[in-house]
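Comments concern the structure below.
What follows draws every value from the coordinates through simple rules; no lab data is involved. Just so it is clear, the model here is predicted, and its values are computed rather than measured. No Cβ is skipped: glycine too gets one built from the backbone with ideal geometry, and neighbour counts run over all protein chains shown.
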Amino acid sequence: MSLGTGYGDITYNSRRGILGAAPLYGKISYHLFNVDSNASKTKDIVKLIRKSKWHSQYGKHQSYIDTSNLLYSLEGYITALDFNPTGEYVATIDSYNNCLISDVTTANYRFHVKLGRWGSSDWIVFFLLH
Amino acid sequence: MKEIPNTKLLVSLHHNYEQSANMAVFDISKKDQIKEIYSLGEVSGGSIIILLPSSFE
């Protein structure tokens with residue numbers, strides 16, 4: 001279940017009680033939190049479990065020159081993330097259309113594909129997650 | 001601002017992809033007392049650098 005969209009995405013998996021949010025391009029794929037709304041102490045309700053590592057398969061830094069001859073040096077960003085229904089995997093997509101699947105428990109890379117505007121790649125990701 | 005399903009918790013995420021992000025979780029179980037129970041703090045990063053042609057002279 002995805003709770004938010006856009007540049008700052010939030011995703012929550014109720015089965016495992018985990019929340020993913022706030023990627024930091026080049027450093028952190030996403031922050032992983034444990035949510036226990038029944039915890040007796042307030043400080044135990046939300047806990048940061050891990051800053052999930054960045055994967056080299058994401059898009060690289062790009063530069064381009066516009067019509068005014070200005071050189072732009074642009075870092076990308078994660079545009080969305082979502083857990084699969086069991087909370088075992090997380091899918092992230094960056095601003096260069098790289099969709100990357102990683103293991104939530106280990107944070108290890110599993111698969112990535114560069115999505116185009118058309119084609120069947122979307123189905124590959126769909127079947128992997130479900 | 002989004003609700004975490006089956007809880008009385010709201011997540012607030014302010015994320016400027018060019019600069020920083022900040023996330024906080026609020027307990028809304030008591031109507032007259034909304035309480036911030038967690039704050040990630042500011043996470044900085046990301047940049048768009050514009051170099052003018054004069055930079056190369």
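Amide H to amide H under 5 Å from B:E3: which residues, 5+ apart in sequence or cross-chain, H placed 1.01 Å off N in plane?
Correct list: B:V11.
Going by C-beta contacts inside 10 Å, put B:F26, A:F111, A:F83 in order with the fewest on the left.
In order of increasing Cβ crowding within 10 Å: A:F111, B:F26, A:F83.
With a 10 Å Cβ neighbour count serving as the proxy for reagent exposure, in which order, fewest first, do B:M1, B:M23 appear?
Neighbour counts put them in this order, fewest first: B:M1, B:M23.
Can you tell me the convex hull volume per residue for the range B:2-44, based on C-alpha atoms, in Å³ to the nearest whole number? Walk me through the numbers before you get to the answer.
Details: hull volume 2.8 nm³, N = 43.
Considering the Cα atoms of the range B:2-44, their hull volume per residue is 66 Å³.
Can you give the local net charge around B:V11? Use residues other than it whose beta-carbon is closer than 10 angstrom to its beta-carbon, Lys and Arg +1, Asp and Glu -1.
Around B:V11, the surrounding residues sum to 0.
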